[in-house]
Amino acid sequence: MKKKRVVVISLLLLLVSVIGISSYFLFKDKINLLDVDPSAVEWNGKKQKDTSGEENTIAIPGFEKVTLYANKTTQAVNFHNPEINDCYFKISLIHPDGSVLWISDLIEPGKGMYSIELEKTLAVGEYENAVLKYECFSLNDQSPLNGSEINLKLVVV
């Protein structure tokens, strides 16, 4: 009787394992760890230099300052993922005090954000050492790649 119970439990564990492994391989391409940002639109700015001859490069747009409007959460910006990239961008705008002002979902190559919604309003002034953080993710499986943090000035008018 005890031997029969061990065999039944072993078969059940094997069945559960097979179902779990099968489910993973059947649905792994349908699982998105992060969502592609639906508000990202075709970017119509200046084309980036061609880096197609360079291996594993990611073009990151640089900024010295970002101008925002005081006492408003809706802001006009020009954040984009250059079309030459083979990765998604997730972009964050970070206040000098470390608080996150805005964070995007995944932005596809060739897409950009022209309007964002800040987490809080800002008072008039210049804020040194804010950060525009770029996190990069593989187009295939959304695995993390290199990223960048750009120090900039927030000019709030």
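Here are the numbers for this structure:
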quantity	calculated
Set of segment 61-88 residues, backbone N closer than 15 Å to the point 7 Å along the Cα-Cβ line of Asp97	71
Highest-first arrangement of 72-81, 102-111, where packing means the average Cβ count within 10 Å	102-111, 72-81
10 Å beta-carbon shell around Ser92, net charge (K/R +1, D/E -1)	0
Estimated FRET transfer efficiency (Val157, Thr57; beta-carbon r; R0 41 Å; 0.05)	0.70
Ordering of 112-121, 82-91 by packing [mean C-beta count within 10 Å, highest first]	82-91, 112-121
Local electrostatic count, Glu135, Cβ distance below 12 Å [Lys/Arg +1, Asp/Glu -1]	0
Backbone HN-Hα couplings from phi across segment 144-151 [Karplus 6.51/-1.76/1.60, Hz, Gly and Pro as x]	x, 10, 4, x, 7, 10, 10, 6
Interchain or long-range residues, amide H under 5 Å from Leu118's placed H	Thr74, Gln75
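Rule-based calculations on the coordinates, nothing more; no lab input. Keep in mind that what you see is a predicted model, and the values were worked out from it rather than measured. Here the Cβ is made from the backbone with ideal geometry for all residues, glycine too, and neighbour counts use every protein chain on show.
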